[in-house]
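Trainee: Please see the structure below; I have some questions.
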Amino acid sequence: MHFARRRLWGVIAGACLIFAAAPRCGQAAAAETNKTVITAKTLDFDYQKRTAVFQGDVVVVDPAVRITADTMTVVFDENNAPETITAIGRVRIEQPDRIATCSRAAYSVRSGLMVLTGKPMVRRGSDVLTGTRIIFSRDDNRVSCEGATLRILPSGGGLTDVFGQ
């Protein structure tokens, strides 16, 4: 169990970094110790099904990211390595310069893809990306969005700054 738990924490932290390398953030205790801390009302680990289910006010705090959700499920392969991580219900992924929200985020360790669905939105500064599905690729640092709407606002706050009027 100790080996599986250590790999679980490491993979969850890695999955959260999918947005790209980011400056350290999160609560001070996590940042100071370089730990990933997961809290939830309950944790159920099923050895036969190879699943860990965190339920109720799930919070993942890592030096590089903070994630909240109603439920987070981790599925392990036959070697106790995490295969998938799925967060469901009021999902919020925070980094210092960007925030993503959705109702479901699914991460595949093997493919390196994180898929946000259920009114996904990514905000960076005043820019906002929305769509029906937003996909982040860990390996090539790419983002794709289906049904995309990208709202870009200049740092000054409007078109008058762009056109000088």
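The values are calculated or read from the model by the stated rules, or taken from the named source; none is laboratory data. Given the structure is predicted, the values throughout are model-derived calculations rather than measurements. No Cβ is skipped: glycine too gets one built from the backbone with ideal geometry, and neighbour counts run over all protein chains shown.
Trainee: Looking at segment 71-84, can you tell me whether even one residue there is acidic (D, E), under 19 Å from the mean Cα position of the chain (by Cα) and at pLDDT 85 or above?
Mentor: yes
Trainee: Here is a list: T51, T73, T36. Which entry is closer than 20 Å to A100 by Cα and surrounded by fewer than 19 Cβ atoms within 10 Å (Cβ to Cβ)? Full working, then the answer.
Mentor: Details: T51 fails: closer than 20 Å to A100 by Cα; T36 fails: surrounded by fewer than 19 Cβ atoms within 10 Å (Cβ to Cβ).
Within the list T51, T73, T36, the selection yields T73.
Trainee: Okay, moving on. Mind telling me which of the residues E94, E146 ends up being free of Cβ contacts under 8 Å to residues at least 24 places away in the same chain, acidic (D, E) and touching a strand residue (DSSP E or B) at 6+ places or on another chain (Cβ under 6 Å)?
Mentor: E146
Every residue, every condition in (1) farther than 21 Å from V60 by Cβ; (2) surrounded by 15 or more Cβ atoms within 10 Å (Cβ to Cβ), yes or no:
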{"position": "T84", "(1), (2)": "no, yes"}
{"position": "P96", "(1), (2)": "no, no"}
{"position": "C102", "(1), (2)": "no, yes"}
{"position": "V109", "(1), (2)": "no, yes"}
{"position": "G112", "(1), (2)": "no, yes"}
{"position": "T117", "(1), (2)": "no, yes"}
{"position": "D139", "(1), (2)": "yes, no"}
{"position": "S144", "(1), (2)": "yes, no"}
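Trainee: Let me ask you something else. Return the residues of segment 111-143 that are at pLDDT 95 or above, polar (S, T, N, Q) and out of contact with any Gly (no Cβ under 9 Å at 6 or more places or on another chain); say none if nothing qualifies.
Mentor: T117
Trainee: Turning to a different aspect of this structure: Restricting attention to segment 122-131, which residues are surrounded by fewer than 18 Cβ atoms within 10 Å (Cβ to Cβ) and within 11 Å of R98 (Cβ to Cβ)?
Mentor: Once the filter is applied, which keeps residues that are surrounded by fewer than 18 Cβ atoms within 10 Å (Cβ to Cβ) and within 11 Å of R98 (Cβ to Cβ), segment 122-131 yields R123, R124, G125, D127, V128.
Trainee: Can you pull out the residues in segment 119-149 that are at positive phi and out of contact with any Asp or Glu (no Cβ under 9 Å at 6 or more places or on another chain)?
Mentor: K119, N141, G147
Trainee: Suppose we keep only residues that are among the β-branched types (V, I, T) and in a strand (DSSP E or B) within segment 98-115. Which one would you say is farthest from D77 (Cα to Cα)? Quick ask: steps written out before the conclusion?
Mentor: The initial filter retains those residues of segment 98-115 that are among the β-branched types (V, I, T), namely 99, 101, 109, 115.
Still in the list and also in a strand (DSSP E or B): 99, 101, 115.
Details: I99: 30, T101: 28, V115: 20 Å.
Within segment 98-115, the match that is farthest from D77 (Cα to Cα) is I99.
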